[in-house]
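Everything on this sheet refers to the single structure shown next.
The values are calculated or read from the model by the stated rules, or taken from the named source; none is laboratory data. Please read these numbers as outputs of a predicted model, since none were measured by experiment. Reconstructed Cβ throughout: ideal geometry from the backbone, glycine too, with neighbour counts over all protein chains shown. The protein model used for the area step is the full one, side chains on, heavy atoms only, and it has no ligands, DNA or RNA in it. Shrake-Rupley method; radii C 1.70, N 1.55, O 1.52, S 1.80 Å.
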Amino acid sequence: MKNDCIFCAIAEGEIPSFKVYEDDEVLAYLDINPFTKGHTLVIPKQHRTGLLDAEDSLLASVLPKVKKVAAHLKSALPCDGFNILQNNGEAAGQTVRHIHFHIIPRYAGEPLVFESHKGDMDELKALSERVRMA
Ligand code: AMP
Ligand code: ZN
């Protein structure tokens, strides 16, 4: 398998996938362990690990395709909304080291739990001073 990368193997057609969309640059296919019905992954065919090693030009060509596939899913499924998720690094839950955008269809009345907590204003202020970009 090229690069030992399962998503490269899918892009090359060496491993089968439940294809949703394909063109010269990207491939979209159903996630085999879906969060919700229609959970789809969009990948560039070129191997990049994640957001930080993907060139701006590559990202600029992929995001409109994510939009195109999401719009299609919204009417074809249909679903009521969707989340876009893109994990970078093991700590963020990335299990496949080939950049991919999750399109997670959402259905009214079917919650998916992303847990948050009430922010501490002093901590937020100090943090913003530390990370604010010039
Ligand atoms: P992440 O956790 O962001 O790296 O997401 C990787 C995703 O790829 C997971 O949601 C897996 O269920 C999915 N996945 C892994 N192998 C395959 C495969 N052969 N076909 C489709 N989806 C896959
Ligand atoms: Zn790859």
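Points worth noting:
- Where strands (runs of 3 or more DSSP E) fall entirely within segment 1-88, those with at least 3 residues that are under 13 Å from the mean Cα position of the chain (by Cα) and in contact (Cβ under 8 Å) with a residue 12 or more places away in the chain are at 26-30, 40-44, 81-85.
- Test set (1) within 13 Å of ligand 1 (Cβ to nearest atom); (2) open to solvent by less than 20 Å² (accessible area, probe 1.4 Å) - ALA70 fails condition number: (1)
- Of the residues making up segment 89-101, those that are in contact (Cβ under 8 Å) with a residue 24 or more places away in the chain, out of contact with any Leu (no Cβ under 6 Å at 6 or more places or on another chain) and not β-branched (Val, Ile, Thr) are GLY89, GLN94, ARG97, HIS98, PHE101.
- Residue match in segment 107-118 (condition: surrounded by 12 or more Cβ atoms within 10 Å (Cβ to Cβ) and assigned to a loop (DSSP other than H, G, I, E, B)): yes
- Scope segment 102-125; condition small (Gly, Ala, Ser) and in contact (Cβ under 8 Å) with a residue 12 or more places away in the chain; matching residues: ALA108
- Considering ILE43, ILE15, ILE84, ILE6, the condition of being touching a Leu at 6+ places or on another chain (Cβ under 8 Å) and among the β-branched types (Val, Ile, Thr) is satisfied by ILE43 alone.
- Top-ranked residue of segment 68-93 - restricted to ones that are among the charged types (D, E, K, R) and farther than 25 Å from GLY13 by Cβ, ranked as nearest to ligand 2 (Cβ to nearest atom): GLU90
- Search result, residues across segment 1-33 that are under 15 Å from ALA70 (Cα atoms) and open to solvent by 10 Å² or more (accessible area, probe 1.4 Å): LYS19, VAL20, TYR21, GLU22, LEU30, ASP31
- Members of segment 50-59 found to be open to solvent by less than 70 Å² (accessible area, probe 1.4 Å) and small (Gly, Ala, Ser), listed by number: GLY50, ALA54
- Inclusion of VAL96 among residues that are surrounded by 13 or more Cβ atoms within 10 Å (Cβ to Cβ) and more than 14 Å from ligand 2 (Cβ to nearest atom) is not warranted.
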